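Shown next, in structure tokens, is the structure this report addresses.
The values are calculated or read from the model by the stated rules, or taken from the named source; none is laboratory data. Since the structure is predicted, the reported quantities are computational estimates derived from the model, not experimental observations. Counting neighbours? That spans all protein chains shown, and the Cβs are built from the backbone with ideal geometry, glycine included.
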Amino acid sequence: MIIIAERINGMFTNVKQAIAEKDKKVIQELAKKQTEAGATYMDVNVGTAAADQAGAMQWLVETIQETCSTPLSLDSQKPDVIAAGLKVINAENGVILNSTPLNKKSDEEIFDKYLEMANQAGPKASIITLTMDKNGVPQDIDTRVAIAAEIVSKAMEKGFNTQRLFIDPIILPVKVPNAQVQPGNILAAMDQIRYLSEPAPHTTIGLSNLSQGASERSLINRVFLAMAISRGLDSAIVDVLDKDLMNVVATAEMLMNKQIYSDSFLKVYSTANGT
Amino acid sequence: MPIPEIAESFTGSVNRVTLGATNENGGSRSSTITVGGARNVVYGGSPDEAGEKPVIAMDVLDSRPGDWPDALAEPYKSVLDSPGDWAKKCVEEYGAELICIKFEGIHPDKGDKDASHAIKVTEQVLKAVSVPLILWSCGYDEKDNQVMPKVSGAAKGENCLIGTVTEDNYKSLTAIALADNHFLITEAPLDINIAKQVNILASDMGFPLERIITFQSTGALGYGIEYAYSIQERQRLAALTGDKMMAMPAICDVGYESWRAKEAKLADAPGWGEVVDRGPMWEAATAVCLLQAGVDIIRMRHPRAVATVKHFISQVWREGNP
């Protein structure tokens, strides 16, 4: 399982403050903890508060890389913020460009820009693409799959290996009125997305979004993650510091025969899986 | 019509392990042996993914074997009482790349020899040959825990491969192998889950995963080879998909297991062909089969079987080209 750790995000107060005050220690501490907890990649999101997002992205990347070599996932919908991060990153062990929709009204070519940047970033650079286009986030199964199909065919057209492509079917908060049908739709869409190419694109979800505003957040996240892994999900953006959640990942991977069982399977999961 | 590229590629690899210590590294071996490094299955992927070619370790017993069939004992009849001469013969005449001393004679039912005997044998073999050594216990835990630490000490500095440790008996030999800077063999009874667990247990004691070789137990042709084959294959695939607890090179005990088969040793079986041929054939067939599952070191016994398997390896791993 490709685990993308979510915690270095300007939406969290301590990260926001650290960015504002250029307090390296907070960021480096988080990087260390998330790496130890089994992060395959570490998401880096400057949030919306920073006035100079490109500058903040560079500062975060440099700050993390001073003490930690876990590959990063540069998280922004703005190509210039991603580009700024890529300028200072060491992408030798890989990098994820996170994320782009297929297209959007204000920028029909946005996916092309991400493909271009990923190609320049080296052979181990990947992209997370959202099943979303200029009409917004689809609510049904078929439109999600149709957009995913367009994403895959466009990537293949441009010679971009589908093993470097992550498709995010966009999980919405379950607490939003009428949204309770969405988790089921996501699973059904994933069933089809994995047959879009050979080798299949990765699938990923921003798990924490599911339980936004709900009670029993960790439980909701854990249960859905297990359900999604059983449907072929092979990556997720999660809170790696949630030990119970990581235990679910280890157990689900073992039950799906992705990891060989041993009596210490929980304990070794991060070691065996980590980078 | 172009041939489509269907080779699978993997992100992980089998650890590369170098056994033996030369003068520069504080030992007395004339050369070292490197195994592992495969980044694909056998015959899979591009030639540069094949890793190091597999090697043959020939068995030398610490005391005269009591139950070897004539066909097997015959080539060694002049050296069966002298482990040093025996080892020398294996290296010089039969091209053994490693010598595996099997301390059969320390077993309470097979001679019950003591630590001083085992130390003497180790020293004799170290002196007689300059290839790296494998030091293999008798399998009786209590006796192994008394004797093998002494054997380890007698070969200190030579970077030997020493074993075996099991899920139920791993602490003392793991600790001493770590202290004496040897490589360790972890053993499991044809059970992939236990195999992984033993590696974890050794690793928990601080033993580096990069210094472990796994022994999954071996079944000979007709006697469970399919279990051994599928476990070796599964271990290789786990290594290739990035499971660091299963990324070790593997060793098989083909010699002992093959010569237990009645087809290999039964003299009075007119319909089966000459007994002098059957044993070596059984041993070679078993080895060749397991090599294809992804095994890095093969323990063998009969010189003719060794010659056949060496030829096979030289053809399949030609210039690293499977």
Next item on the list: Could you tell me which of the residues B:214, B:308, B:218 is assigned to a loop (DSSP other than H, G, I, E, B) and either touching a His at 6+ places or on another chain (Cβ under 8 Å) or among the polar types (S, T, N, Q) (or both)?
Entry: B:218
Check: Is there a residue being within 14 Å of another protein chain (Cβ to nearest Cβ) and at pLDDT 95 or above anywhere in region A:214-229?
Finding: no
Check: Take the residues of region B:7-32 that are under 17 Å from residue B:247 (Cα atoms) and among the hydrophobic types (A, V, I, L, M, F, W, C): which is surrounded by the most Cβ atoms within 10 Å (Cβ to Cβ)?
Finding: B:19
Note to self: Looking at B:241, B:186, B:214 in this structure, which one is within 13 Å of chain A (Cβ to nearest Cβ) and more than 17 Å from residue B:296 (Cβ to Cβ)?
What the structure shows: B:241
Next item on the list: Identify, from the list B:35, B:60, B:41, the residue that is surrounded by 14 or more Cβ atoms within 10 Å (Cβ to Cβ) and more than 26 Å from residue B:318 (Cα to Cα).
Entry: B:60
Margin query: Looking for something among the small types (Gly, Ala, Ser), part of a loop (DSSP other than H, G, I, E, B) and either away from chain A (no Cβ under 12 Å) or in contact (Cβ under 8 Å) with a residue 40 or more places away in the chain (or both) - is there at least one such residue anywhere in region B:223-232?
Written below: yes
Margin query: I'm trying to understand the selection: among the residues of region B:245-288, which are aromatic (Phe, Trp, Tyr) and either under 30 Å from residue A:261 (Cα atoms) or in contact (Cβ under 8 Å) with a residue 24 or more places away in the chain (or both)?
Written below: B:256, B:259, B:282
Notebook entry, point to check: Restricted to region B:244-259, and to residues that are hydrophobic (A, V, I, L, M, F, W, C) and part of a helix (DSSP H, G or I), which residue is farthest from the other protein chains (Cβ to nearest Cβ)?
Noted result: B:254
Check: So is residue B:152 in a helix (DSSP H, G or I) and either hydroxyl-bearing (Ser, Thr, Tyr) or under 26 Å from residue B:94 (Cα atoms) (or both) or not?
Finding: yes
Note to self: For the list (1) at pLDDT 95 or above; (2) within 13 Å of chain A (Cβ to nearest Cβ); (3) crowded, with 20+ Cβ neighbours inside 10 Å, I need the number of the one condition that residue B:207 fails.
What the structure shows: (2)
Note to self: Restricting to region A:142-151, name every residue that is surrounded by 14 or more Cβ atoms within 10 Å (Cβ to Cβ) and out of contact with any strand residue (DSSP E or B) (no Cβ under 7 Å at 6 or more places or on another chain).
What the structure shows: A:143, A:144, A:145, A:146, A:149, A:150
